[in-house]
1. Can you pull the percent of the stretch 17-128's accessible area that's carbon plus sulfur, 1.4 Å probe, other chains left in place?
2. Could you put T260, T36 in order of accessible surface area, largest first, with the 1.4 Å probe and the full protein assembly present?
3. Give the ranking of D335, D94 by solvent-accessible surface, highest area first, calculated with a 1.4 Å probe.
4. What do you get for Rg/Rh of the stretch 238-301 when both radii come from the Cα atoms and Rh is the Kirkwood radius?
5. Taking amide hydrogens as modeled 1.01 Å from N in the peptide plane, which residues meet the under 5 Å criterion relative to E137, leaving out close sequence neighbours?
6. Excluding ligands, DNA and RNA, what is the solvent-accessible area per residue of the chain at a probe of 1.4 Å, expressed in Å²?
7. How large is the translational diffusion coefficient of the stretch 161-299 in µm² per second when you combine the Kirkwood radius over alpha carbon pairs with Stokes-Einstein at 25 °C and 0.890 mPa s?
8. What percent of all Cα-Cα pairs in the stretch 1-98 falls into each 10 Å bin, going from 0 up to the bin containing the maximum distance?
Amino acid sequence: MRWHFPALREGAAHFDGPGGSQVPDSVATAVVETLTSAISNRGTVSAAERRADRIVLAARAAMGDLLAVDPTGVVFGRSATELTFHLARTISQDWGPGDEVVVSRLDHDANVRPWVLAAEARGATVRWVEFDTATGELDPGAVHAVVNERTRLVAVTAASNLIGTRPDLPAIADVAHEAGALLWVDGVHATAHVSTDVSASGADFWVCSPYKFLGPHLGVLAASPALLETLRPAKLVPSSDAVPERFELGTLPYELLAGTTAAVDFLADLAQPDTSASRRERLVTSFAALEQHEDALLAGLEARLRAIPGLTAYSNAKRRTPTLLVTVEGHDPQDLRAKLADRGVNAPAGSFYAWECSHHLGLGSAGGLRMGLAPYTNADDVDRLVTGLEEICGAAT
């Protein structure tokens, strides 16, 4: 599989996947072929118009298969952050004093600030859910403690991009829905590592980013078409009022949509399953194999890292993605990052926009050294990372 990733030929070991994965050749080819083909705005008259329409529908179908959702409820945008801001302004139109929104300290700021600002603009109240800093767990009971009949929406992550924690979404969904609230889930980090079924998770809205799972830079929102029909976003007068088009501002980036379809197809073929199976079935099989691969590498990586003197690991939840956040006593995270980069190991440091999470852990804006596995990570990469850290920290034997 690694042969399909041209970027790997540079020789670096990439543990920077949580910030954006490397791209397989088939994705790049799809982008280039779309950019160099005859294409126009979507329509049904010319071949160029029909090609654009096919690309959009194919991308909605691909994301529908990846997330197990109705393709007509798939919305594309520039990024998950932009989509969340856009929908936050729309959903909050009828909020007012007395209404409440719930956000968590575990989340990326893209699933915090849009809701905080929307609440402030409408005079609504923000309620915070804390997580356990020792275990990294976000207890559904903590959500229950702040949700009441005035709660309009609960925003939570499917997996922390900083420490990897995967909260119990169905349990949180039950809490939100019993109170009559909507559940908005940031699935950006989770979608890259675990098989996603939005309906089974209980989410009313799910956002993710293809560039986290081998695709191009783009944002995706998934919700039921019926729910989207109830929302009236600010839009241009002549633009379509149909769902999901009413939420998409301007002409879609057709080349990126083609790349997204190619990324989903690449993921579907990871485990070389039965080609007669549906794409959704093949994706489920592939993600099972992907999890097994990443979990096995994580077990070896984690055991060796935790043996380094002075190292503190903050990724301790029982259910989490293959993501580790660490600090080492006496070493600045950015210095560790730079010295690893000199050794051809890309492992960035910081808070990675998980502003509340990093501060709740007591790390402030400095954060820590974050290492994330990807489908293309192998045992040699892991060895280079651990050996490099051991040498830098004086722990090599």
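1. Of the solvent-accessible surface of the stretch 17-128, carbon and sulfur hold 54 percent.
2. Ranked from most to least accessible, the order is T36, T260.
3. D94, D335
4. Across the stretch 238-301, the Cα-based Rg/Rh ratio is 1.20.
5. Amide H to amide H, under 5 Å and 5 or more residues apart or across chains, E137 pairs with D132.
6. 40 Å²
7. Calculated translational D: 144 µm²/s.
8. 12, 26, 34, 20, 7, 1
The values are calculated or read from the model by the stated rules, or taken from the named source; none is laboratory data. None of these values were measured; they are calculated from a predicted model. So basically every Cβ, Gly included, is an ideal-geometry build from the backbone, and we count neighbours across all protein chains shown. Surface areas here come from the heavy atoms of the whole protein model, side chains and all, with no ligands, DNA or RNA. Shrake-Rupley method; radii C 1.70, N 1.55, O 1.52, S 1.80 Å.
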